[in-house]
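Report on the structure given below.
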Amino acid sequence: MTTVNIKRRTIYACAGLAISVLGPHAAQASDITFAVIGPHEYDLPVDFKPFNVFVQYGDGNAAGNTYDGQGNRRGTGGSHTWVGLSKYVHFRSFEAIPKVGFAFELIQAESFTLANGTNYGGLGTTIPGFASWFKPNSHSTFGFQTFMQSPSGTRDATASHYWSNISSFLFDYEWKHFSFDGDLGAVTSVTSRHLKNQNSYTPGTSFFTNLRFSWKATKLFEPFFAFDWQNVAGIYDKTQKMYVSDSSSREVAGGMGVMLNLSKSVSLTMRYSHSIEGRNVPETNAYYMKFVYLW
């Protein structure tokens with residue numbers, strides 16, 4: 001496959017992710033992990049010449065409500081958050097490993113939050129990652145990806161304070177007029193750094209899936225449907241040797257969007273999503289943007 005053909009069929013951004021700052025006494029998620037992905041996210045080639053991709057994700061969530069522990073929506077505790085993810089990806093394959101593709105990634109998060117009359121923002125965590133995949137046939141892709149999320153940020157409020165691993169299986173299937181792709185994975189974290197006179201916490205393991213089904217209406221215009229799910233176990237207080245009350249969470253969200261294939265090397269994806277149901281989590285009332293440039 002030539003590089004030109006790769007660019008024509010693969011406007012790629014191997015697994016975007018939305019960063020949540022985990023507070024020990026608050027609902028855990030402000031967005032579902034990897035909710036930023038679009039259609040054809042995992043429509044990947046094999047046996048190709050190396051190339052590079054730059055991706056800019058944007059995610060704005062106006063969470064005016066929250067879900068309580070019984071799954072009821074409450075008009076309190078909401079916030080407005082804006083998250084950016086700037087990502088560089090290097091794609092390559094190896095003659096010694098035919099029919100398999102590889103990607104090496106570096107992601108930098110940016111965030112801004114407006115809540116309870118206060119606002120703050122800055123650079124968040126830095127996330128290196130790796131992905132590998134193969135094609136069972138010419139129309140499908142199956143693979144695995146893993147990321148390491150650092151605990152640091154330019155300010156305390158934008159840092160995660162945990163080392164985390166985000167790993168998932170990925171898949172894609174292409175029909176003539178339709179496309180279906182997604183992932184299924186988990187986020188595991190180590191205990192937070194221990195501060196003097198403060199308790200030490202271990203975040204609960206998070207399981208998630210993101211599914212995208214699109215209609216190839218034209219070469220330029222591709223509407224799609226999005227489904228996202230996440231379930232997060234409770235936070236464990238290692239100092240008190242007990243789980244934090246109401247710290248586990250769950251959310252299901254659905255949305256619709258459009259992907260614009262502006263050229264062989266450039267695409268723009270936009271989407272709106274809203275929570276379908278949840279527990280101990282701010283609602284998703286979010287718009288997403290993804291800009292991709294290949295060279």
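Mind checking whether some residue in the stretch 108-120 is of a type in the set (S, T, N, Q), within 24 Å of residue 224 (Cα to Cα) and in a loop (DSSP other than H, G, I, E, B)? No. Across the stretch 277-285, a minimum of one residue is classified as out of contact with any Leu (no Cβ under 9 Å at 6 or more places or on another chain), basic (Lys, Arg), within 30 Å of residue 76 (Cβ to Cβ) and surrounded by 15 or more Cβ atoms within 10 Å (Cβ to Cβ). Being at positive phi and surrounded by 13 or more Cβ atoms within 10 Å (Cβ to Cβ) is a condition met by at least one residue of the stretch 73-96.
Here is the figure for the stretch 74-89: residues that are in contact (Cβ under 8 Å) with a residue 60 or more places away in the chain and farther than 12 Å from residue 111 by Cβ total 4. Against the list (1) without any contact (Cβ under 8 Å) to a residue 60 or more places away in the chain; (2) closer than 17 Å to residue 43 by Cα; (3) part of a strand (DSSP E or B), the condition residue 219 fails is (3).
Under the condition of being surrounded by 15 or more Cβ atoms within 10 Å (Cβ to Cβ) and touching an Asp or Glu at 6+ places or on another chain (Cβ under 9 Å), which residue from the stretch 108-129 is farthest from residue 46 (Cα to Cα)? By that ranking, first place goes to 121. Based on this model, can you work out whether residue 272 counts as buried (at least 22 other Cβ atoms within 10 Å of the Cβ) and closer than 17 Å to residue 38 by Cβ? In short, no. One residue alone among 213, 224, 208 is in contact with a Phe, Trp or Tyr (Cβ under 9 Å, 6 or more places away or on another chain), closer than 19 Å to residue 175 by Cβ and crowded, with 17+ Cβ neighbours inside 10 Å, and that residue is 224. Sub-6 Å Cβ pairs linking a first residue in the stretch 167-187 that is over 24 Å from residue 149 (Cα atoms) to a second residue that is of a type in the set (S, T, N, Q), at least 6 apart or interchain, are 172/141; 173/140; 179/214, ordered by first then second residue.
Just checking, how many residues over the stretch 130-159 are in a strand (DSSP E or B), surrounded by fewer than 18 Cβ atoms within 10 Å (Cβ to Cβ) and either under 17 Å from the mean Cα position of the chain (by Cα) or touching a residue at least 60 places away in the same chain (Cβ under 8 Å) (or both)?
Pass one, the stretch 130-159, residues in a strand (DSSP E or B): 130-134, 140-149.
If we keep only those that are surrounded by fewer than 18 Cβ atoms within 10 Å (Cβ to Cβ) too, we end up with 130, 132, 134, 140, 142, 144, 146, 148.
Checking which are either under 17 Å from the mean Cα position of the chain (by Cα) or touching a residue at least 60 places away in the same chain (Cβ under 8 Å) (or both) leaves us with 130, 134, 144, 146, 148.
Qualifying residue count, the stretch 130-159: 5.
For the stretch 231-269, which positions are out of contact with any Phe, Trp or Tyr (no Cβ under 9 Å at 6 or more places or on another chain), over 30 Å from residue 52 (Cα atoms) and either surrounded by 15 or more Cβ atoms within 10 Å (Cβ to Cβ) or not polar (S, T, N, Q) (or both)?
Keep residues of the stretch 231-269 that are out of contact with any Phe, Trp or Tyr (no Cβ under 9 Å at 6 or more places or on another chain), which gives 240-241, 245-246, 248, 262-264.
If we keep only those that are over 30 Å from residue 52 (Cα atoms) too, we end up with 240-241, 245-246, 248.
241, 246, 248 - these are the residues of the stretch 231-269 that are out of contact with any Phe, Trp or Tyr (no Cβ under 9 Å at 6 or more places or on another chain), over 30 Å from residue 52 (Cα atoms) and either surrounded by 15 or more Cβ atoms within 10 Å (Cβ to Cβ) or not polar (S, T, N, Q) (or both).
For (1) closer than 21 Å to residue 167 by Cβ; (2) in contact with a Gly (Cβ under 9 Å, 6 or more places away or on another chain); (3) at pLDDT 95 or above, each residue gets a yes or a no:
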| site | (1), (2), (3) |
| --- | --- |
| 204 | yes, yes, no |
| 225 | no, yes, yes |
| 228 | yes, yes, yes |
| 232 | yes, yes, yes |
| 245 | no, yes, no |
| 255 | no, no, yes |
| 273 | no, yes, yes |
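The values are calculated or read from the model by the stated rules, or taken from the named source; none is laboratory data. Because the structure is predicted, anything quoted here is derived from the model rather than measured. Reconstructed Cβ throughout: ideal geometry from the backbone, glycine too, with neighbour counts over all protein chains shown.
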